[in-house]
1. Which entries in 9/107; 64/107; 64/85; 9/85; 7/107; 4/94 show an alpha-carbon gap greater than 22 Å?
2. With θ set to phi - 60°, apply the Karplus curve 6.51 cos²θ - 1.76 cosθ + 1.60 along region 28-38 and write out the HN-Hα couplings as whole Hz, x wherever there is a Gly or Pro.
3. List the residues whose amide H sits under 5 Å from the amide H of residue 28, counting only those 5 or more places along or on another chain, with H placed 1.01 Å from N in the peptide plane.
4. Of all the stretches in the chain, which is the longest one without any exposed loop site, taking chymotrypsin sites (Phe, Trp or Tyr not before Pro) in a DSSP loop (any state but H, G, I, E, B) with at most 13 other Cβ atoms within 10 Å?
5. Relative contact order for the chain: what is it in percent, counting Cα pairs under 8 Å that are at least 6 residues apart?
6. Sort 115, 96 by accessible area with a 1.4 Å probe, largest first.
7. Report the gain in length on full extension from residue 118 to residue 22: 0.36 nm times residue separation, minus Cα-Cα distance, nm rounded to one decimal.
8. P(r) for region 68-118, please, calculated from all Cα pair distances in 5 Å bins and given in %.
Amino acid sequence: MAFKFEKLKVWQLSLELADEIDMLAQSFPKHELYSLSSQIRRAANSVSLNIVEGSTGLSNAEFKRFLSIANRSALEVVGCLYLAKRRGYVEESKFTYLYNSIENLVKMVQALMNTLKD
């Protein structure tokens, strides 16, 4: 593992989340391909990509900024999940599982942010 982010548990979990969201989005109706399906995938991918981008920065303040963006992207996934649930694209049990996974991930990102000194 050559890069700092590869050792971060929070990054590894964000990859798992992105994979699960991608699988879920594949089941959305075709008419959602360029809207909700695309949006939820991009938001989920953004979580891990912002962790990566921030970890290569020159300062802890910059890393914190990217971690904050990662958390906002995670919350965007939650918003998309609510829309998907309202439209009948995701079952309650899957929604709850993903919601709890994202909540845990957000807490972990916040905890990592709290360990970084400015």
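The values are calculated or read from the model by the stated rules, or taken from the named source; none is laboratory data. Values in this document were obtained by computation on a predicted structure and should not be read as measured data. As a convention, Cβ positions derive from the backbone with ideal geometry for all residues, glycine included, and neighbour counts pool all protein chains shown. To get the accessible areas, we keep the full protein, side chains included, count just its heavy atoms, and leave off ligands, DNA and RNA. Shrake-Rupley method; radii C 1.70, N 1.55, O 1.52, S 1.80 Å.
1. As for pairs spanning more than 22 Å Cα to Cα, those are 64/85; 9/85; 4/94.
2. 5, x, 4, 5, 9, 3, 9, 10, 4, 4, 5
3. Sorted by chain and number, the residues that satisfy this come to none at all.
4. 35-118
5. 28
6. Ranked list, largest accessible area first: 115, 96.
7. Result for the pair: 31.1 nm of gain on full extension.
8. P(r) over region 68-118, rounded to whole percents: 5, 21, 25, 19, 13, 8, 5, 3, 1.
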